[in-house]
Amino acid sequence: MSSAPASPPDDPPAGPAAGGLASGPSASAASDPLRLQRLLPFLAWPRPTPALLRSEALVGLTVGMMMLPQAVAYAQLAGMPPAAGVYASLLPALAGALFSASTRLSVGPTALSSLLVSASLTGLAAPGSAQWVLLAVWLALMAGALQLALGLARFGWLLNLVSTPVLMAFTHGTAALIIATQAPHLLGLEGWDWGSLSARGWHGASAVYGVLSLAALLLVRRWRPAFPSVLALLMLTSALSWLTGFEAGGGAVIGELPRSLPTLALPEWPGLAALSHLVLPMFVLGLVSFLETAASARVDNARKGVRWQRDQDLIGQGLAKLASAFSGGFSTSTSFTRSALNLYAGAQTGWAAVFTVLTVLAAFMLLTPVLRHVPQAVLTAIIVAAVAGLIKPREYRRLWRVSRAEAVMALLTVALTVATAPALYWGVLAGVLMTLARFVYQRLHPRIVEVGLHADGSLRNRHPYGLPLLAPHTLALRMDAALDFATANSFEQYVDAMLAARPGTQHVVLLAQSINRLDATGAETLTRLLVQARSHGIGWHLVGCKRPVRQTLRAAGVLGEKPLAAHYRTEAQLLAALARLEQGPPDLAALAI
């Protein structure tokens, strides 16, 4: 008794139970909310409830209290006015939360992006000048437009061009540069001449503030990571600075901060000559800032148990940079430390980012007079404490155990990043080129091994295990790569060399289970080898070819009615056929699939 064929899984239900709405305008209308949620991810946020808002407000207060002082410090690192750091923490952070798929990440100024801004503009203008600010705004605009375009075009796969060791090494190199450039200010020095190794203008009180602040931040981060140590430090040092007359004694302080809110405006046109110098930094800044996002997004999405939507996060990051450019800020990114604090404090949705922005805004309007007396050395301590956690020397030891080649590339990336400063982008570009060169080398030099029968019944590499030949007068090979234009020449040379070294070979076996792809060049090369082998009385045996590979072999005439090689689905069938070889040559037509 046969049953009616089942409907395809994607077919909509029909009949009265479905209300007769299986197709038509209603079907497309039903998909409109999903389409809108893809374009506007914040529409998928849960409806706020008193309990949710109370929880998210506490998270926003915690992260916002860290974000404000970091924003001021990172603005100093980028050579921007302190207010620009605050501006980069308002609308950009809100845009990043509204339009990113990873809503629990903290978007705003970061140490790495700030250093890249400073390095990109060095030599083009004086830090803090109007021209410097204008170029920083345009750099954010260009990098944001690039990320937005890549996200809309679904080009998030470009992230794969940068390996984890290269990113780690670049981060370590830039972190070391940040500490090196900020160390004189931390120690109360006006500057440091690296040529003569001499210091200028030492101020003892600034050194005390800087060293003690750094020690306090590192200790509190180890013991109580959720404690708003940065804000507490600012309040304490501001009070001490005011009471002791630190500024009157020659100490450098933050000074007056404007309390005006950012206004949306189109930046002035700087000229093509100036923008041409920002093209390469734009690419590096866009790439590195998105890699920062990837580091946090993967953790966030893994905890939620969902797949990371990297293209949507590219869109969110691009819109955040554009919002920063149009509101007088500089390039933003995802802060790993603030995002980690966000998750640690219990953020559940993007509402936490909204409360973070409100906290930064309120603190900026209310605490500006207090920040005026904070010593500059304290801001430097905040920067150094933030980037010190990025340096992890033990990672190189682990990387050396896993892959010595990648460890060497990572060390070279660190060295080039430091050596080419302030043009930091050469370090990451060199790392990318080394990674691609190694990838191409590996593709051009596939792994091909001779196999034998192991005692456990499996076919393994002969030489490490000291295995005998698979069968008398038989050369058995396994190729662990695609047989295509990149590997065909190496494969042909290997086979020719092995046959020349063993003139008595009568059979060649190719274990093809690991060959996932066979293109026209590979098929042509394999056909040539088979024809040459047949002219010398050598038979070929293919084992375990996948369906796409078999289809290509049939089209090339290797398999079919008059096959050039025998084909076996399993290794057991091969071994049985090899045992019968002494009785006469195999019937290739009978064995071909």
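The values are calculated or read from the model by the stated rules, or taken from the named source; none is laboratory data. No experiment lies behind these values; they were computed from the predicted model shown. Cβ placement follows ideal geometry from the backbone for every residue including glycine, while neighbour counts extend to all protein chains displayed. The protein model used for the area step is the full one, side chains on, heavy atoms only, and it has no ligands, DNA or RNA in it. Shrake-Rupley method; radii C 1.70, N 1.55, O 1.52, S 1.80 Å.
Please state the relative contact order of the stretch 252-391 as a whole percent: Cα pairs under 8 Å, 6+ residues apart? Don't skip to the end; give the middle numbers.
On the way: 82 pairs, mean separation 65.5, N = 140.
This gives 47 percent for the stretch 252-391.
Hey, can you rank 110-122, 163-175, 276-288 by average C-beta count inside 10 Å, highest first? Working shown, then result.
Numbers: 110-122: 25.3, 163-175: 23.6, 276-288: 19.6.
Ranked from most to least packed, the peptides come out as 110-122, 163-175, 276-288.
Mind ranking 557-568, 86-97 by how tightly packed they are, going by the mean number of other C-beta atoms within 10 angstrom, highest first?
Numbers: 557-568: 19.4, 86-97: 27.6.
Those peptides, ordered most packed to least, come out 86-97, 557-568.
Rounded to the nearest whole Å², what accessible area per residue is found for the stretch 370-425 with the 1.4 Å probe?
Values: 2680 Å² over 56 residues.
Ligands and nucleic acids excluded, the figure is 48 Å² per residue.
At a threshold of 8 angstrom on Cα-Cα distance, excluding pairs fewer than six apart, so keeping six or more, what relative contact order does the chain reach in percent?
Numbers: 994 pairs, mean separation 115.3, N = 593.
Computed value for the chain: 19 percent relative contact order.
Which of the lysines could a cross-linker bridge to Lys546, judged by Cα under 24 Å and excluding same-chain residues fewer than eight apart?
Once the sequence-local lysines are set aside, what remains near Lys546 is Lys562.
Among all the lysines, which ones have a C-alpha under 29 Å from Lys304's C-alpha, if same-chain residues fewer than 8 places away are not counted?
Straight-distance partners of Lys304: Lys321, Lys392.
I need the helices of the chain that pass two filters: whole DSSP H segments spanning 30 Å or more by Cα along the axis, and mean Kyte-Doolittle score no lower than -0.5. Don't skip to the answer; put the middle values down first.
Numbers: long enough: 50-77 (39 Å, 1.01); 130-152 (33 Å, 1.82); 164-186 (32 Å, 0.96); 279-304 (37 Å, 0.73).
Those that pass (Cα extent of 30 Å or more, hydropathy at least -0.5) are 50-77, 130-152, 164-186, 279-304.
Quick one: ranking Trp202, Trp540, Trp157, Trp138 by accessible area, 1.4 Å probe, largest first, what do you get?
The most accessible residue leads, giving Trp202, Trp157, Trp138, Trp540.
Which order do the peptides 433-443, 67-77 come out in when sorted by mean C-beta neighbours inside 10 angstrom, highest first? Mind showing how you got there, number by number?
Numbers: 433-443: 14.0, 67-77: 27.1.
Packing proxy ranking, top to bottom: 67-77, 433-443.
Quick check: at a probe of 1.4 Å, how many percent of the accessible area of the chain sits on carbon and sulfur atoms? Present the calculation step by step, with values, prior to reporting the outcome.
On the way: 18350 of 28370 Å².
Exposed carbon and sulfur together represent 65 percent of the surface.
Starting from the Cα gyration tensor of the chain, multiply each eigenvalue by 5, take the square root, and state the resulting semi-axes largest first in whole Å. Don't jump to the answer; show the numbers that get you there.
Numbers: eigenvalues 709, 211, 89 Å².
Taking √(5λ) for each Cα gyration eigenvalue gives 60, 32, 21 Å.
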